[in-house]
Amino acid sequence: MDLSFPSWAPPPAAAPVPAAPAAGLSGQDREAAARKAATGFAGFFYGHLLKTLRGAVPEGTLGRGGKGERWFQELLDGTMGDRFAESDRTGLVETLYRSMAGPAPRPDPSGAAEAARLSAVSPLENR
């Protein structure tokens with residue numbers, strides 16, 4: 001009986017990760033894609049939440065429609081989840097969007113950019 005351990009070999013090199021679909025988009029298109037993705041994820045989350053909450057309630061003897069009712073209820077939960085995400089009353093979509101968009105640009109600590117912008121529009125500088 002052979003009790004020796006097999007020799008360890010590193011795993012094969014992973015394939016390169018393809019670029020994100022929004023990688024080649026302009027600024028406004030990228031923002032729209034990020035907002036759409038955030039809304040879609042929030043809709044899925046809310047739909048799953050509704051389905052889970054509905055499963056926590058015991059079923060009564062009245063109104064049991066079998067598989068057709070369960071299928072319709074899942075569609076309804078998904079649609080309601082999408083509507084909740086579109087209204088974004090909880091702020092989840094905005095939070096997800098901000099996390100996808102990345103950090104906001106920081107202001108220039110030296111103030112040079114702000115001074116250049118103000119001098120370009122100031123009528124007092126042109127006198």
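Does residue 34 qualify as being under 27 Å from residue 96 (Cβ atoms), at pLDDT below 60 and within 19 Å of the chain's Cα centre (by Cα)?
No; evaluated as a whole, the condition is false for this residue.
Test of understanding: among 91, 81, which residue is modelled with pLDDT of 90 or more and in contact with a His (Cβ under 9 Å, 6 or more places away or on another chain)? Give the derivation first.
On the way: 91 fails: in contact with a His (Cβ under 9 Å, 6 or more places away or on another chain).
Answer to the check: 81.
The values are calculated or read from the model by the stated rules, or taken from the named source; none is laboratory data. Treat the numbers as computed from the prediction; the structure is a model and nothing was measured. Note that we place each Cβ from the backbone using ideal geometry, even for glycine, and neighbour counts take in every protein chain shown.
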